[in-house]
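As structure tokens, the structure follows; a few thoughts come after it.
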Amino acid sequence: MNEPRIPEPPEPSVAGRVLVTNPLTTAPAHRERSVKQEIDEATSIGEVYMRSLMRSQLRLALAILLVLLLTVGMLPVVFVVFDSINELRVLGLPLPWLLLGVGIYPFLFALGWFYVRQAERAEQTFTDLVERP
């Protein structure tokens, strides 16, 4: 019977060598992406940055609303609870009328100014973060 013959390995030759390398070492160097790129490409990291900005703006708006409710919103309650205020007159007009008709506007203006200033500060902080190299 003929036994199957096992072929012998070929003689190693210098020309037949194969260079084996790690594919990660030949890959281009990893570049860090900027925050602006993350936001522009709507990646999950970019969404986190945008949610952070929107959350800070929402927090500011709710804080201003709370201040408004606790001051202006409580004036009618104060007028009802302290009935003697309704009898006070300044320049011939009842004090509640002056407070609600004239006195409230400087307060609303100051509250609006504060809100805009804080919102711009938050946006500037966000812009500085985005444009950072």
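Structure notes:
- Computed extension length for Leu93-Val48: 10.8 nm, one decimal, from 0.36 nm per residue of separation with the Cα-Cα distance subtracted.
- Approximate spin-label separation Phe107-Ile64, in nm, with each point projected 7 Å along Cα-to-Cβ: 1.7 nm
- Here the extension length gained between Leu129 and Leu100 equals 6.2 nm, from 0.36 nm per residue of separation less the Cα-Cα distance.
Every read-out reported here was derived from the displayed coordinates using simple, explicitly stated rules and does not represent laboratory data. This structure is a prediction, so every number in the text was calculated from the model and none was measured. All Cβ positions, even for glycine, are placed from backbone atoms using ideal geometry, and neighbour counts span all protein chains on display.
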